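J.: Let me give you the structure first, and then I'll get to my questions.
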Amino acid sequence: MTEVTPQEFLESYPKNPIPYNEDKLIYKPIFSKDQLDYLEALNKYSNSNALLSPRNIEMFSIEFAYTSALLEGNTYSPVEAELLLTKDKIGGQKNLKETLMLKNMHESFDYLVQEVAETKKDAVEGSLNTRPFTYLVKNAHAIASKNLLEEEEMGSVRNSVIFIGFCSYVPSSIPQQLEIGLETIAKEYEKIENPFEKAVYAHQNLSYLQYFIDHNKRTARNMCAYTLMAADKMPVMFTERSVEEYAKAMTHYYESEPADYSKFAEYFIASYERVCSRMNAYAVEQAREDTGYLPSIPSQEQIKVEAYERLILELNKYNPEQAQQTLTKLKELLPDIVSGKIELPNIPTVSKNPEVDIPTSQDLNKEINTDKGLQ
């Protein structure tokens, strides 16, 4: 029998395909008023006005490139990334693709920083020469994909089918539909007034559209940061501590019908807390004191469900087929469990020693299925 890791098992449960839906590109509010007030307060205390000094923006640009590449599986360490981007020293045993990914991400981010600076300079001089959204997106992508894609694919619409792993969402493969989708995003983007709403809208929907053959999320992260900098806000950085959270939040949005930004909104806030604390260690404390905002806390039933999932993953080592059936049933019932309509039994204990005291998958399945409401 083929061995699978717990993470592979959890992510690979059967799903029905979900086709591209152009209606998801129509903007709808993402954050609550309390969340927006909190994000504004975080920015207020972040010392973002000091970010664009040459020293600070260069270090931010390096770390932004590193964390963005890490989300794509890049194995450069922070020190190796800094040496590459400041001294052009290639990390030991690193392949060319990883090296180019980092250098391109750094260059693409710097390009958008320069665009922000030029737009602000033009505004001071009385000129309104803001680049069109689609122009910026395509240029940022062309730079991020340099020498990683064919020249005709850089900054250009996709002409082939793509597959998104561990996700039921199936993007459109029709170039005309993708062109219309990008124009829709550009029009909706221009209508949005709040910069946080605008940044997350661009990130989620550029990622969802999958306009390019590759590097869509990298370009989306760059445009998210650009949008905030253009509004004099601290740009967000999705840090190395949140790779799995990022993937889950993105998958949730891809698969949601209608569009549900809630998981990514929470993820964004947590990421913004971290980045705003980089130049003021007390930014979170001060912002919460100003607004009274506290992050949402998972319900006890949600915590219990997650504990059951961990247990099932452990049992997967011994009986994958039965464990998968149990997990599938658990996911089907999740809305009723979280709402309190169905109460799960107490969590069984799993011994660290695989030979002692571990209930079988059949035991677990029986316990779930004989609980109140699960028969």
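The values are calculated or read from the model by the stated rules, or taken from the named source; none is laboratory data. On a predicted model such as this, the values are computed, not experimentally measured, just so you know. Every residue, glycine among them, receives a Cβ derived from its backbone with ideal geometry; neighbour counts consider all protein chains shown.
J.: Of the residues that make up region 121-132, is at least one assigned by TED's automatic domain parsing to the domain that holds TYR272, within 23 Å of the chain's Cα centre (by Cα), under 23 Å from LEU25 (Cα atoms) and hydroxyl-bearing (Ser, Thr, Tyr)?
T.: Just the residues of region 121-132 that are assigned by TED's automatic domain parsing to the domain that holds TYR272, to begin with: 121-132.
Now restrict to residues that are within 23 Å of the chain's Cα centre (by Cα): none.
No, the conditions are met nowhere in region 121-132.
Yes or no, residue by residue, for (1) more than 18 Å from PHE64 (Cβ to Cβ); (2) within 14 Å of the chain's Cα centre (by Cα):
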site	(1), (2)
LEU209	yes, no
LYS217	no, yes
ARG221	no, yes
LEU228	no, no
LYS233	no, no
TYR246	no, yes
TYR254	yes, yes
SER262	yes, yes
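J.: Among LEU136, LEU85, which is the only one that is in contact with an Asp or Glu (Cβ under 7 Å, 6 or more places away or on another chain) and either more than 25 Å from GLU273 (Cα to Cα) or among the basic types (Lys, Arg) (or both)?
T.: Details: LEU85 fails: in contact with an Asp or Glu (Cβ under 7 Å, 6 or more places away or on another chain).
The match here is LEU136.
J.: Moving on to the next point. Please go through region 189-239 and pick out each residue that is over 28 Å from ILE174 (Cβ atoms) and either in a loop (DSSP other than H, G, I, E, B) or modelled with pLDDT under 95 (or both).
T.: Passing the criteria: GLU193, ASN194, ALA231, ASP232, LYS233, MET234, PRO235, VAL236, MET237, PHE238, THR239.
J.: Taking the stated definitions as given, is LYS138 at pLDDT 95 or above and outside any loop (DSSP other than H, G, I, E, B)? Reasoning before the result, please.
T.: Numbers: at pLDDT 95 or above: yes; outside any loop (DSSP other than H, G, I, E, B): yes.
For LYS138, the condition - at pLDDT 95 or above and outside any loop (DSSP other than H, G, I, E, B) - is met.
J.: Tell me the residue from LYS233, LYS248, LYS191, LYS198 that is free of Cβ contacts under 8 Å to residues at least 24 places away in the same chain, touching a Phe, Trp or Tyr at 6+ places or on another chain (Cβ under 9 Å) and farther than 15 Å from TYR20 by Cα, please. Full working, then the answer.
T.: On the way: LYS233 fails: free of Cβ contacts under 8 Å to residues at least 24 places away in the same chain; LYS191 fails: free of Cβ contacts under 8 Å to residues at least 24 places away in the same chain; LYS198 fails: free of Cβ contacts under 8 Å to residues at least 24 places away in the same chain.
Only one candidate qualifies: LYS248.
J.: Sticking with this structure for a sec: Among (1) closer than 22 Å to LEU25 by Cβ; (2) free of Cβ contacts under 8 Å to residues at least 40 places away in the same chain; (3) within 10 Å of the chain's Cα centre (by Cα), which single condition is PHE268 missing?
T.: PHE268 satisfies all of (1) closer than 22 Å to LEU25 by Cβ; (2) free of Cβ contacts under 8 Å to residues at least 40 places away in the same chain; (3) within 10 Å of the chain's Cα centre (by Cα) except (2).
J.: List the pairs whose first member sits in region 94-106 and is closer than 18 Å to VAL79 by Cβ, whose second member is polar (S, T, N, Q) and surrounded by 19 or more Cβ atoms within 10 Å (Cβ to Cβ), and whose Cβ atoms are under 8 Å apart, counting only residues at least 6 apart or on separate chains?
T.: Matching pairs, first to second residue: GLU98/ASN74; MET101/ASN74; LEU102/ASN74; MET105/SER68; MET105/ASN222; HIS106/SER61.
J.: Inspect region 285-305 for any residue being buried (at least 23 other Cβ atoms within 10 Å of the Cβ), at pLDDT 95 or above and of a type in the set (A, V, I, L, M, F, W, C) and give the result as yes or no.
T.: Just the residues of region 285-305 that are buried (at least 23 other Cβ atoms within 10 Å of the Cβ), to begin with: 287.
With the extra rule that they be at pLDDT 95 or above, the set shrinks to 287.
Add one more test, that the residue is of a type in the set (A, V, I, L, M, F, W, C), and what stays is 287.
Within region 285-305 (the criterion being buried (at least 23 other Cβ atoms within 10 Å of the Cβ), at pLDDT 95 or above and of a type in the set (A, V, I, L, M, F, W, C)), the answer is yes, since at least one residue qualifies.
J.: Further question on the same structure: When you go through ILE185, ILE143, ILE180, ILE162 one by one, which is the residue that is part of a loop (DSSP other than H, G, I, E, B) and among the β-branched types (Val, Ile, Thr)?
T.: Working: ILE185 fails: part of a loop (DSSP other than H, G, I, E, B); ILE143 fails: part of a loop (DSSP other than H, G, I, E, B); ILE180 fails: part of a loop (DSSP other than H, G, I, E, B).
Only one candidate qualifies: ILE162.
J.: Something else: Can you name the number of the only condition in (1) under 18 Å from LEU206 (Cβ atoms); (2) modelled with pLDDT under 95; (3) buried (at least 16 other Cβ atoms within 10 Å of the Cβ) that ARG131 fails?
T.: So ARG131 meets the others, but not (3).
J.: Can you tell me which residue in region 139-174 is surrounded by the fewest Cβ atoms within 10 Å (Cβ to Cβ), limited to those that are of a type in the set (S, T, N, Q) and in contact with an Asp or Glu (Cβ under 9 Å, 6 or more places away or on another chain)? Working first, answer last.
T.: So in region 139-174, the residues of a type in the set (S, T, N, Q) come out as 139, 145, 147, 156, 159-160, 168, 172-173.
This time we only want the ones that are in contact with an Asp or Glu (Cβ under 9 Å, 6 or more places away or on another chain), so: 139, 145, 159, 168, 172.
Values: ASN139: 18, SER145: 25, ASN159: 12, SER168: 14, SER172: 20.
Out of the qualifying residues, it is ASN159.
J.: Of (1) within 27 Å of ILE185 (Cβ to Cβ); (2) assigned to a helix (DSSP H, G or I); (3) basic (Lys, Arg), ARG131 satisfies all except one. Which?
T.: (2)
J.: Next up: Restricting attention to region 152-186, which residues are touching a strand residue (DSSP E or B) at 6+ places or on another chain (Cβ under 6 Å) and aromatic (Phe, Trp, Tyr)?
T.: Residues of region 152-186 that are touching a strand residue (DSSP E or B) at 6+ places or on another chain (Cβ under 6 Å), as a first pass: 168-170.
TYR169, the sole residue that qualifies.
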